Amino acid sequence: MKLLKPTVFVMVLALIGSVAGMLSHAKANQRLGLPGVRTRSLAGTQNLEVLLPEALPGYASLMVPQAAVVTNMLPPDTSYGQRLYQGEDGFKSLANVVLMGSSRSSIHKPQVCLVAQGWTINEESSHEIPVHMERPVPYDLNVMRLVLSRQVEDHDQKVDQHALYVYWFVDADRLTASHAQRMLWMAHDVVVKNVLDRWAYVSFFAECAPGQEAAAFERIKRLIIEAVPEFQLVPPAAK
């Protein structure tokens with residue numbers, strides 16, 4: 001391979017330096033977008049608390065702190081909200097919101113984390129599906145529905161666990177169930193608008209008996225219809 005001529009070498013170095021300078025300037029002047037979920041400041045920190053509703057018709061709820069394995073892994077300015085909802089018939093679902101800060105690494109592709117926790121995803125039964133909402137305006141909320149299973153140890157015996165996991169993403173003015181779409185929008189806004197969208201990753205999880213996945217999803221849908229208008233700001237109410 002021939003060595004670069006001195007003038008070409010200098011031009012290459014200048015180009016690299018110029019690009020690096022442009023990227024550094026863009027990052028320094030980058031603006032963080034607004035969240036698409038209700039929040040309040042946490043005193044003495046740079047973080048927010050995502051305000052999931054405490055009271056819903058037909059449900060009791062309990063605030064659940066994020067596990068240390070999550071908070072230790074994600075960037076320090078990541079914000080959270082998590083509640084366990086229990087219906088009058090005993091149905092339980094864990095609602096969780098992860099809100100990114102100044103680092104896009106706060107949110108990963110959900111399937112990666114679920115597999116790391118030992119869950120197997122039934123690909124044939126897992127797909128995007130709309131949940132029709134009436135509040136604050138009529139619209140279809142597209143969610144990703146995952147059917148999960150795994151084996152766990154219980155008193156020295158292998159026990160099968162089955163569960164439903166439903167998720168989507170929301171920023172200041174958009175909704176999507178697609179991780180790829182979210183990444184495309186975020187890249188576009190960084191380059192074109194110099195804005196880092198502040199995405200929230202919303203999920204609902206419920207365990208169920210084998211063969212009861214469809215019934216469990218219907219219960220999660222009912223909970224979503226009640227809970228989401230209380231904390232999600234997109235779409236806005238009609239003026």
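Condition first: part of a helix (DSSP H, G or I) and farther than 20 Å from residue 36 by Cβ. Now tell me which residues in the range 58-106 satisfy that. If the condition is that a residue be part of a helix (DSSP H, G or I) and farther than 20 Å from residue 36 by Cβ, then 68, 69, 70, 71, 72, 73 are the ones that fit. Taken over the range 190-226, the criterion of being crowded, with 19+ Cβ neighbours inside 10 Å, hydrophobic (A, V, I, L, M, F, W, C) and within 19 Å of the chain's Cα centre (by Cα) is satisfied by 196, 199, 200, 202, 204, 205, 206, 217, 220, 223, 224.
Remark: residue 151 falls outside the filter, which requires a residue to be under 23 Å from residue 115 (Cβ atoms) and in a helix (DSSP H, G or I).
Residues in the range 107-129 that are surrounded by fewer than 16 Cβ atoms within 10 Å (Cβ to Cβ), assigned to a loop (DSSP other than H, G, I, E, B) and either out of contact with any Lys or Arg (no Cβ under 7 Å at 6 or more places or on another chain) or outside the structural domain of residue 213 (by TED's automatic domain parsing) (or both): 108, 109, 117, 122. Residues in the range 126-163 that are at pLDDT below 95, in contact with a strand residue (DSSP E or B) (Cβ under 7 Å, 6 or more places away or on another chain) and among the charged types (D, E, K, R): 2 in all.
Going through (1) under 25 Å from residue 184 (Cα atoms); (2) not in a loop (DSSP other than H, G, I, E, B) one by one, residue 217 falls short only on (1).
In this structure, does residue 166 turn out to be assigned by TED's automatic domain parsing to the domain that holds residue 102, touching a strand residue (DSSP E or B) at 6+ places or on another chain (Cβ under 8 Å), crowded, with 17+ Cβ neighbours inside 10 Å and not in a helix (DSSP H, G or I)? When the stated conditions are applied, residue 166 passes them.
Within the range 117-146, being over 20 Å from the mean Cα position of the chain (by Cα), within 15 Å of residue 165 (Cβ to Cβ) and in contact (Cβ under 8 Å) with a residue 40 or more places away in the chain holds for one residue alone: 125.
Of the residues making up the range 43-54, those that are over 17 Å from residue 106 (Cα atoms) and at pLDDT 95 or above are 51, 52, 53, 54. Scanning for something among the hydroxyl-bearing types (Ser, Thr, Tyr), at pLDDT 95 or above and under 16 Å from residue 232 (Cβ atoms), does the range 105-125 turn up at least one residue? Within the range 105-125, none of the residues are among the hydroxyl-bearing types (Ser, Thr, Tyr), at pLDDT 95 or above and under 16 Å from residue 232 (Cβ atoms).
Candidates in the range 28-45 are the residues that are in contact (Cβ under 8 Å) with a residue 40 or more places away in the chain and in a strand (DSSP E or B); of these, the one that is surrounded by the fewest Cβ atoms within 10 Å (Cβ to Cβ) is 31.
The values are calculated or read from the model by the stated rules, or taken from the named source; none is laboratory data. The structure displayed is predicted, hence computed values, not measured ones. Every residue, glycine as well, gets a Cβ built from its backbone with ideal geometry; the counts of neighbours run over all protein chains shown.
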